[in-house]
Amino acid sequence: VMLSTVWHDPYSAGEDDAVYFQPVRARVGEALADGRWPMANPYEATGTALMGDPQTAVMYPVTWLFAVTDSKTAYTLSILLAFALAGIGTFLYLQRLKLVPTAALFGALAFAYGGFMVGHRVHLGMIHTAAFLPWGLWCLEGLRRRRAAPAALWLVAILYLAITSGHWPALVHMTLVWGVY
């Protein structure tokens with residue numbers, strides 16, 4: 001219900017999503033669709049770097065949706081995917097902690113659709129980065145339970161996705177949580 005407007009108008013908040021994230025991801029998608037690396041954005045200021053700006057998330061696979069579909073669809077799918085990743089990751093982590101399925105589902109819904117994720121819906125990189133928090137915890141719990149090799153491989157993949165998803169301050173906080181855990 002909270003995200004129902006995303007289906008009809010993914011820029012309905014009219015904030016950073018409409019003035020920054022969608023346009024910059026669209027530039028990245030255009031460049032990738034043309035078969036070139038998105039090095040610069042000539043439409044902002046007097047030209048700005050795209051590859052050098054982590055918020056463009058050029059190396060994040062979800063951003064590549066902008067190269068294969070129209071911008072509105074790609075942006076909608078990006079938002080919905082972030083919430084799905086957050087919820088599924090939290091559910092799996094809580095299941096690994098041996099919570100009953102009802103409690104794990106409640107925790108997953110609370111994280112995925114709680115104040116942080118919904119409040120930052122307009123900050124695409126932030127919600128994508130934050131969505132990997134429970135996945136990292138799931139991996140670390142796997143390491144604690146002596147499933148070292150698969151958990152370590154998954155953790156490398158999760159770390160790559162978190163690094164490339166576009167919000168380094170959230171990444172720093174998340175890796176601090178993982179380190180303390």
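The values are calculated or read from the model by the stated rules, or taken from the named source; none is laboratory data. Here the structure is a predicted model, which is why all the values come from computation and not from measurement. Backbone-built Cβ (ideal geometry, glycine too); neighbour counts: all protein chains shown. Remember, those area values only see protein heavy atoms, side chains included, never the ligands or the DNA or RNA. Shrake-Rupley method; radii C 1.70, N 1.55, O 1.52, S 1.80 Å.
See the values below:
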quantity	calculated
Size of charge dipole - the chain - debye, nearest 20, with Cβ of Lys, Arg +1 and Asp, Glu -1, no other charges	960
Theoretical FRET efficiency, 1/(1+(r/R0)^6), r = Cβ-Cβ of Arg36 and Arg146, R0 35 Å, to 0.05	0.15
Point-charge dipole on Cβ atoms (K/R +1, D/E -1) for segment 87-181, about Cα centre, debye to 20	320
Net length gained if the chain between Ala18 and Thr46 were fully extended (0.36 nm per residue, minus Cα distance)	8.1 nm
Furthest towards positive pole of dipole, Ala82, Gly107, Met59, structure part the chain, Cβ charges	Gly107
Alpha carbon Rg of segment 67-135, scaled by the compact-globule rule 2.2 N^0.38 Å	1.18
Carbon + sulfur, % of accessible area of segment 88-181 - ligands and nucleic acids excluded, 1.4 Å	77
Inter-probe distance in nm under a simple model that places probes 7 Å from Cα toward Cβ, at Trp168 and Ala110	3.3
In sequence order, calculated HN-Hα J values of segment 150-158 (Karplus, 6.51, -1.76, 1.60; Hz; x Gly/Pro)	x, 5, 5, 5, 5, 5, 4, 5, 5
Over segment 88-181: Kirkwood hydrodynamic radius from C-alpha pairwise inverse distances, Å	13.5
Dipole-positive endmost among Phe132, Val172, Phe91 within segment 61-181 (Cβ charges, Cα centre)	Phe91
Calculated volume of the Cα convex hull per residue in Å³ (choose from (1) 131; (2) 120; (3) 176), label	(2)
